[in-house]
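The next block holds one structure in the form of structure tokens; read it before the comments.
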Amino acid sequence: MKLTGSQIFLKCLEREGVKHIFGFPGGVVLDIYDELTRAPFIKHFLVRHEQGAAHAADGYSRASGKVGVCLVTSGPGATNTVSGIASAYMDSIPMVVFTGQVPTPLIGNDAFQEVDIVGITRPCTKHNYLVKHVDDLARIIHEAFHIARTGRPGPVLVDLPKDVIQGQTVPKFPERVRIKSYNPNYHANPKQIKKALDLILKAHRPVIYAGGGVILSKASEELTKFAQSLEIPVTTTLMGLGGFPAPHRLWLGMLGMHGTYFANMSVHHADVLIAIGSRFDDRVTGKIEEFAPHAKIIHIDIDPTSISKNVVVDIPIVGDCQDALSQLNELVVAQVPTPRELSPAHQAWLAEIDQWKREHPLTYDRASGDLKPQFVVEKLYELTQGNAIISTEVGQNQMWAAQFYHINRPNRWLSSGGLGCMGYGFPAAIGAQVACPDDLVIDIAGDGSIQMNIQELATAVEYDLPVKVAILNNSFLGMVRQWQQLFYDRRYSQTPMWSPDFVKLAEAYGALGLRAEKPEEVEPVIREAINTRKPVLMDFRVAPEECVMPMVPAGAPMHKMLLT
Amino acid sequence: MRHVISVSVDNEPGVLSRVTGLFSGRGFNIESLCVAATMNQEVSHITLVTAGNEMIIEQIIKQLRKLINVIKVVDLTPTDHVEREMALVKVKAEDRQRAEVLRIADIFRCRVVDVSPNTYTLEITGTSEKLNAVLGLLKTIGIQEVVRTGSLAMQRTKKE
Ligand SMILES: Cc1cc2nc3c(=O)[nH]c(=O)nc-3n(C[C@H](O)[C@H](O)[C@H](O)COP(=O)(O)OP(=O)(O)OC[C@H]3O[C@@H](n4cnc5c(N)ncnc54)[C@H](O)[C@@H]3O)c2cc1C
Ligand SMILES: Cc1ncc(C[n+]2csc(CCOP(=O)(O)OP(=O)(O)O)c2C)c(N)n1
Ligand SMILES: [Mg+2]
């Protein structure tokens, strides 16, 4: 039977198991939107800006582990998604973005609302397609989902010209994908695994440095088992938070520019560093020549380009974290008697780390009497018992969230790490709330970032998504101000920022607005927010000139941290 | 160091810009690039000359392999391979110089592909060194115009 492009499109989504999409209509996608009225199996969420749709699809994916989907029109609809696509690309998040396009005969003519979105997004998608014929549609959509979710995941864009959407054909829905040049390698080479374990067992000062790959490959249980069986301390990147249970005795917290003193010291003094699904980002390595200077490095990563890109490693292992870790765990069971007797050197190493933890824990001035942003995050952690899904905006708010909300499970931490895209957190939280309707979802926000996608309050209210936003309102673009304070002689150029009355704004949107100005007001505000079954905007008026510490100044080695 | 890399790609629109976009976006350099269809309609072939230290060349090769439309990447540099370039050169040649141009063409096995009363157009094939040598000689006589391809390269068959 012949079907139209829009019918095929929706059939494909159904076959991929898509239940929710985020989007915004327009001229060239009218037929799809019309067909949507006859597709009860898909719920469409109308955002208020296409960037919101892309971030929501991304947040949906991070919270659920599934592929996020969004649908927008050509031209401005398509260009509005670009920041969201680039965020997902930098953080390897699987999503498929469908954009409308002008009819194929008009492409290249500067037609109304035409833009070469395939050209624009080539460098920030894992792959993208312009569908030229309705006969190709089903195959391409299937490939797009396959590419997005396999190997190193990432966003895939599919551009749909209006005549393809309206065209008709008898579709062939492929069962399997055959792309001859795309075969990600999941299985880690057992010889390399063996070599790695031999090196680890000889180590005196081992450290695991895990990243987003552990979350993406759902390997956190294997990681925990591995670290425990060999008593190896674990630090993760910003992207790896939740990949190892935070309140664990082997947990070092996050490493990097705003990582803990003890995580950075451990990596600096390690003799064997085991990198698992992490990519040696410059926020993590600092001065690259002095990163982990005493360590032999093992690197497990599914993407060969991640390996030896910034730091040359001693034992490269190309493969899936889960596969590699379960091989390691099997070898450990076979080779190492339990309980393992730790060498005196290894025991001394753990003691040394404990000493660092005691000397310089994560902290702030608790006695000042001011409302400190860190205090707000601590309270959020305490009152939610660590059980919320946390998204963040970008800046100081993001770092304090990473430091003081101890994420204990994977898929509960959504933060734009690689792109650092202000405006990410709130729409991402909306996406997460759609994926996990029974969970408490909180966006830890800054007064600057929240205003980049504040319009999505309407989306949250309209669809009854009870997302909470905790604004750490310092009246500054705080992270930039911090750099100005420390490195530009306190010249606060364009960082003090006026904001509207967030409480009234929330009310105007039909959400609940709450405010706390003193430490003792924090707890009642959070409690009321948690107990309210609708979107809540909390305006915490925090100390304006607080800095995120520790901090490794740009270009310095990781053990040279500023502590206060 | 200079590397000659052979790349097989899907013969589809946009693929070349994925490859060149990768180079410009990541700051890798391209010294030359030759692209054409192959015997197999679905595959195009690119010979690419680039330069960089070992770590960069390794990244270039891995990044190329990562592109979905790239089928095969071989670094020919460490292998025994043949390399050829071609140039068309229009030389100003009058009176006595006409014989000189033909003599040079003969020595270097160039072909004369166009003749006019005061110019010759030669086709030169060979390694880039040979092309440079010929062009150097012709320059003293007077070159009006040159166009050059990039390098083409192919692995030699291993002798048993
Ligand atoms: C203001 C700001 C400050 C920041 N400060 C810090 C900081 O102090 N510390 C910090 O850590 N980060 C910080 N970041 C984030 C930083 O920019 C990077 O995003 C982050 O460090 C990268 O994390 P990652 O190495 O885990 O890589 P990711 O981007 O999560 O990459 C995942 C890696 O895993 C691999 N992978 C994917 N799937 C698999 C699989 N199935 N199996 C195996 N491997 C897989 C991928 O190929 C990739 O190499 C900051 C960001 C901002 C915006
Ligand atoms: C879209 C975008 N523009 C600019 C920046 C640069 N930037 C990084 S942090 C920051 C300040 C953010 O201010 P706010 O949201 O109030 O957070 P705070 O640091 O004060 O917690 C800015 C401007 C960015 N990351 N993203
Ligand atoms: Mg701020």
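Odds and ends about this structure:
- Only lysines eight or more places from A:K560 in sequence, or on another chain, were considered; those with a Cα closer than 18 Å are A:K287, A:K357.
- Counting only residues at least eight positions apart within a chain, or on another chain, the lysines with an alpha carbon under 20 Å from that of A:K132 are A:K2, A:K11, A:K162, A:K172.
- Relative exposure of A:M239, A:M95, A:M549, judged by other C-beta atoms within 10 Å (fewest first): A:M549, A:M239, A:M95
- Relative to the longest principal axis of the Cα atoms of chain B, helix B:128-141 runs at roughly 30 degrees.
- The convex hull drawn around the Cα atoms of segment A:331-403, when projected onto a plane and averaged over every direction, covers 8.7 nm².
- Helix-only mean residue ellipticity at 222 nm for chain A, each DSSP H run of n ≥ 4 adding -39500 (n - 2.57), per residue, nearest 500: -11000 deg cm²/dmol
- Rounded to the nearest 20 debye, the dipole size of the protein assembly as shown about its Cα centre is 1440 debye, using +1 on the Cβ of Lys and Arg and -1 on the Cβ of Asp and Glu.
- Dipole magnitude for segment A:518-564: computed about the Cα centre from +1 point charges on Lys and Arg Cβ and -1 point charges on Asp and Glu Cβ, it is near 200 debye.
- Shielding by partners - mean other protein chain Cβ count within 10 Å, residues of B:54-65: 3
- Positive-pole candidate from B:M39, A:Y381, A:M254, dipole of the protein assembly as shown, charges at beta carbon: B:M39
- Normalised by the number of residues in chain A, the mean separation of alpha-carbon contacts (under 8 Å, six or more apart) gives a relative contact order of 14 percent.
- With a cut-off of 10 Å between beta carbons, the residues surrounding A:L238 carry a summed charge of -1, where Lys and Arg count +1 and Asp and Glu -1.
- Fraction of antiparallel bridges per DSSP, the protein assembly as shown only, in percent to nearest 5: 40 percent
- To the nearest ten degrees, helix B:54-66 and the longest principal axis of the Cα atoms of chain B are 70 degrees apart.
- Per-residue ellipticity at 222 nm from helix content only, as computed over chain B with -39500 (n - 2.57) for each DSSP H run of at least four residues, stands at -10000 deg cm²/dmol.
- Average 1/r across all pairs of distinct alpha carbons in chain B, invert it, and you get the Kirkwood radius: 17.6 Å.
- Taking other C-beta atoms within 10 angstrom as a stand-in for reagent exposure, A:S449, A:S343 fall in the order A:S343, A:S449, fewest first.
- For chain B, size of Cβ-based charge dipole, Lys and Arg +1, Asp and Glu -1, in debye: 120 debye
- The alpha-carbon atoms of chain A, seen along their principal axes, cover 73, 59, 42 angstrom, with the largest extent given first.
- Going by neighbour counts of Cβ atoms within 10 Å, the residues A:S306, B:S17 line up, fewest first, as B:S17, A:S306.
- Against the empirical curve 2.2 N^0.38 Å, the C-alpha radius of gyration of segment B:82-155 lands at a ratio of 1.07.
- Selection from A:I450, A:G420, A:F540, by position along the positive dipole direction of segment A:373-541 (Cβ): A:G420
- For chain B, the longest principal axis of the Cα atoms and the long axis of helix B:15-25 meet at an angle of about 90 degrees.
- Selection from A:I8, A:S493, A:P316 lying farthest towards where the dipole of chain A points positive, charges on Cβ: A:P316
- Entries in A:K218/B:K62; A:K195/B:K72; A:K194/A:K296 that, when Cα-Cα distance is taken, lie over 21 Å: A:K218/B:K62; A:K195/B:K72
- Partners for B:K92 among lysines (Cα-Cα distance below 26 Å; same-chain residues under 8 apart left out): B:K130, B:K139
- Rounded D (µm²/s) - segment B:2-75, Kirkwood Rh over Cα pairs, Stokes-Einstein at 4 °C, 1.567 mPa s: 106 µm²/s
- Computed over segment A:373-541, the ratio Rg/Rh where both radii use C-alpha atoms and Rh is Kirkwood: 0.95
- Computed on segment A:3-169, with alpha-carbon pairs under 8 angstrom and 6+ residues apart, the relative contact order is 27 percent.
A short reminder: the numbers here are calculations on the coordinates, not readings from a lab. All values derive from a computational prediction rather than experimental measurement. We place every Cβ from the backbone using ideal geometry, glycine too, and count neighbours over all the protein chains shown.
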